[in-house]
Amino acid sequence: MATALKNLSEYNSDNLIPIDGKRFGLVVAEWNKAITDTLCKGAYETLVKHGAKPENIERITVPGSFELTLGAQFLAQSSDIDAVICLGVVIKGETKHDDYICHAVAQGITQVGLKFNKPIIFGLVTTNDEQQAWDRAGGKHGNKGVEAAAAAIQMLGVQLID
Ligand code: DLZ
């Protein structure tokens, strides 16, 4: 009988499960494309570094972050895909668009994950300006695409222990 969850804190980026047989979906928003491409590169390279086969990584693009949820659903509904990584950059402007988009994406991809019982990773960078976004896309705060890929791998390693 299942009694415990394997502890996520046991993992770090050098201590992840083998993923050579796993299939990943990447959903990448085209708004702030230069930055989301950099996030995507970080995610892709992390998956490959940890053993994912390039032919097992499927990338689709969507217009903006708001569409990440439906993109995630397109991929998650395929029985082939084990985990989906959503990547977008939402930068604050004069209006509250950032709030609406971020909340919608957070709720949307949560629902997709629960509906399909698969990890759907929230790789949405939400910042006050473009520089802060670059700081998180290979800059002084690392690359959130790398972290998103590591989270997907970690989630595939979560299992019930008898
Ligand atoms: C409309 C919009 C705005 C103002 N800002 C962003 C943003 O900073 N980042 C992003 O990924 N998308 C933005 N969008 C586009 C919306 O996500 C969406 O694509 C459109 O509203 C169409 O549904």
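The values are calculated or read from the model by the stated rules, or taken from the named source; none is laboratory data. Remember, it's a predicted structure, so these values are computed and weren't measured experimentally. Cβ: placed from backbone, ideal geometry, glycine included. Neighbour counts: every protein chain shown.
Just need a number here: residues in region 76-99 that are part of a loop (DSSP other than H, G, I, E, B), among the small types (Gly, Ala, Ser) and within 19 Å of residue 121 (Cα to Cα). It would help to see each step written out before you state the result.
Within region 76-99, the first condition is being part of a loop (DSSP other than H, G, I, E, B), and the residues that meet it are 77-82, 92-96.
If we keep only those that are among the small types (Gly, Ala, Ser) too, we end up with 78-79, 93.
Remaining after also requiring within 19 Å of residue 121 (Cα to Cα): 78-79.
Total meeting the criteria: 2.
Every residue in region 65-89 that is within 7 Å of the ligand (Cβ to nearest atom) and within 18 Å of residue 41 (Cα to Cα), please.
Residues of region 65-89 within 7 Å of the ligand (Cβ to nearest atom): 65-67, 88-89.
Correct list: 65, 88, 89.
Look through 39, 70 and report the one residue that is under 29 Å from residue 100 (Cβ atoms) and surrounded by fewer than 19 Cβ atoms within 10 Å (Cβ to Cβ). Can you show your working first?
Values: 39 fails: surrounded by fewer than 19 Cβ atoms within 10 Å (Cβ to Cβ).
Exactly one residue qualifies, and that residue is 70.
I'd like the residue in region 39-64 that is more than 14 Å from the ligand (Cβ to nearest atom) and in contact (Cβ under 8 Å) with a residue 60 or more places away in the chain and, out of all such residues, is farthest from residue 126 (Cα to Cα).
Restricting to residues being more than 14 Å from the ligand (Cβ to nearest atom) and in contact (Cβ under 8 Å) with a residue 60 or more places away in the chain, the top hit is 50.
Name the pairs: first residue in region 102-131 and part of a loop (DSSP other than H, G, I, E, B) and loosely packed, with under 12 Cβ neighbours inside 10 Å, second residue of a type in the set (A, V, I, L, M, F, W, C) and modelled with pLDDT of 95 or more, Cβ to Cβ under 8 Å, at least 6 apart or on different chains?
128/91; 129/91
The conditions are (1) out of contact with any strand residue (DSSP E or B) (no Cβ under 9 Å at 6 or more places or on another chain); (2) at pLDDT below 95; (3) closer than 14 Å to residue 27 by Cβ, and residue 93 fails exactly one of them. Which is it?
The number of the failed condition is (3).
Name the residues in region 21-39 that are part of a strand (DSSP E or B) and β-branched (Val, Ile, Thr), would you?
Initial filter on region 21-39 (part of a strand (DSSP E or B)): 24-29.
27, 28 - these are the residues of region 21-39 that are part of a strand (DSSP E or B) and β-branched (Val, Ile, Thr).
Within region 32-83, count every residue that is more than 19 Å from residue 156 (Cβ to Cβ) and in contact with a Cys (Cβ under 6 Å, 6 or more places away or on another chain).
Total meeting the criteria: 1.
Only one of (1) at pLDDT 95 or above; (2) crowded, with 16+ Cβ neighbours inside 10 Å is not met by residue 50, so which one is it?
(1)
Of the residues that sit in region 46-60 and are over 13 Å from the mean Cα position of the chain (by Cα) and not hydrophobic (A, V, I, L, M, F, W, C), which one is farthest from residue 151 (Cα to Cα)? First the steps, then the outcome.
Step one: filter region 46-60 for residues over 13 Å from the mean Cα position of the chain (by Cα), giving 48-56.
Then drop every residue that is not not hydrophobic (A, V, I, L, M, F, W, C), which leaves 49-51, 53-56.
Values: 49: 14, 50: 12, 51: 15, 53: 18, 54: 18, 55: 20, 56: 17 Å.
Among those that are over 13 Å from the mean Cα position of the chain (by Cα) and not hydrophobic (A, V, I, L, M, F, W, C), it is 55.
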